[in-house]
Amino acid sequence: MTIYDLKPKFQSLLRPYVEQLFTKGITANQVTLSALLLSIAVGGLLLLYPFPRLFLLLPFVLFFRMALNAIDGMLAREHNQKSALGAILNEASDVISDIALYLPFAFIFPQAYWWIMLALFLMIMTEFLGVLAQTIHASRRYDGPMGKSDRAFIFGAIAFFIGLFPSLTLSDNTHYLFIIINLLLLLTCYHRIHRALKEATMTDKDKDTSL
């Protein structure tokens, strides 16, 4: 189970706001771009001013970003706003937003710099593999344990604690935390590959049976 499994309940809470945005003429792509610009702006701020107290912004921004991501998907699916451009924007903005929001951790935790850079690479890989599944006739994979929502929760929690306790940024043991995150990201990559292959195999068998 991952936080992504809670998405239907989260969407139910957001649906009234989605209806209001649709009524006002707001499109899914506009919401996607708003989430991207917010992520770049906040990530840039934290890069320029990597002060622990400022990281208290991040949990709220990450939550708001998750809400915007859910809203753009609901607008697209439920209000006939799906488009090829929207699909590209959605996938590309997720990766860019992750880099923008999580890169500042590498500068506030210099002792874990390379582990955090590896985590960023693996985040990109998880999303790439999730999309790549579609090329072998499987569904877009969102498997965990370190999907987008899980990453937001974990990095939001880290940001919250270093904002409250700035001395944590000086600890020599923080790299162990990011080693664990990297292992979970590797497991996520494995799950997405394995389950995509399994789904594709089942799809091919169903096609053969129907023939």
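The values are calculated or read from the model by the stated rules, or taken from the named source; none is laboratory data. In this text, all values refer to a predicted model and were calculated from it rather than measured experimentally. In this analysis, Cβ positions are derived from the backbone assuming ideal geometry, glycine residues included, and neighbour counts consider all displayed protein chains. The protein model used for the area step is the full one, side chains on, heavy atoms only, and it has no ligands, DNA or RNA in it. Shrake-Rupley method; radii C 1.70, N 1.55, O 1.52, S 1.80 Å.
Scanning region 121-140 for residues that are in contact with a helix residue (DSSP H, G or I) (Cβ under 7 Å, 6 or more places away or on another chain) and of a type outside the set (A, V, I, L, M, F, W, C), which turns out surrounded by the most Cβ atoms within 10 Å (Cβ to Cβ)? Walk me through it before giving the result.
Going through region 121-140, the residues in contact with a helix residue (DSSP H, G or I) (Cβ under 7 Å, 6 or more places away or on another chain) turn out to be 122-127, 129-131, 133, 136-140.
Narrowing further to those that are of a type outside the set (A, V, I, L, M, F, W, C): 126-127, 130, 137, 139-140.
Details: Thr126: 26, Glu127: 22, Gly130: 23, His137: 13, Ser139: 13, Arg140: 14.
If we take residues in region 121-140 being in contact with a helix residue (DSSP H, G or I) (Cβ under 7 Å, 6 or more places away or on another chain) and of a type outside the set (A, V, I, L, M, F, W, C), then Thr126 is surrounded by the most Cβ atoms within 10 Å (Cβ to Cβ).
Yes or no, residue by residue, for (1) more than 25 Å from Ile179 (Cα to Cα); (2) among the hydrophobic types (A, V, I, L, M, F, W, C):
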| position | (1), (2) |
| --- | --- |
| Lys9 | yes, no |
| Ala41 | yes, yes |
| Leu48 | yes, yes |
| Phe55 | no, yes |
| Phe64 | yes, yes |
| Ser83 | yes, no |
| Val95 | no, yes |
| Phe105 | no, yes |
Against the definition (under 19 Å from Phe128 (Cβ atoms), of a type outside the set (Phe, Trp, Tyr) and at pLDDT 90 or above), how does Leu186 come out, yes or no? yes
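Filtering region 159-183 down to residues that are of a type in the set (Ser, Thr, Tyr) and open to solvent by 60 Å² or more (accessible area, probe 1.4 Å), which residue is modelled with the lowest pLDDT? If you could, list the steps in order and put the result at the bottom.
Initial filter on region 159-183 (of a type in the set (Ser, Thr, Tyr)): 167, 169, 171, 174, 176.
Then keep just the ones that are open to solvent by 60 Å² or more (accessible area, probe 1.4 Å); that gives 167, 176.
Numbers: Ser167: 92, Tyr176: 95.
My answer is Ser167.
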What is the number of the single condition among (1) touching a residue at least 12 places away in the same chain (Cβ under 8 Å); (2) over 14 Å from the mean Cα position of the chain (by Cα) that Gly130 does not meet? (2)
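Here's a check for you: in region 169-197, which residue that is in a helix (DSSP H, G or I) and free of Cβ contacts under 8 Å to residues at least 12 places away in the same chain is farthest from Lys9 (Cα to Cα)? Give the steps one after another, and end with the answer.
First pass over region 169-197, keeping only residues in a helix (DSSP H, G or I): 169-170, 174-197.
If we keep only those that are free of Cβ contacts under 8 Å to residues at least 12 places away in the same chain as well, we get 170, 176, 180, 183, 190, 194.
Working: Leu170: 39, Tyr176: 33, Ile180: 29, Leu183: 29, Tyr190: 27, His194: 27 Å.
Only one residue tops the list, namely Leu170.
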Taking region 35-77 and keeping only residues that are open to solvent by 60 Å² or more (accessible area, probe 1.4 Å), under 17 Å from the mean Cα position of the chain (by Cα) and within 22 Å of Gly147 (Cβ to Cβ), one is left with Ile40, Phe60, Phe63, Phe64
Taking region 89-120 and keeping residues open to solvent by 20 Å² or more (accessible area, probe 1.4 Å) and more than 13 Å from the chain's Cα centre (by Cα) leaves Leu89, Leu103, Phe107, Pro110, Gln111, Tyr113, Trp114, Trp115, Met117, Leu118
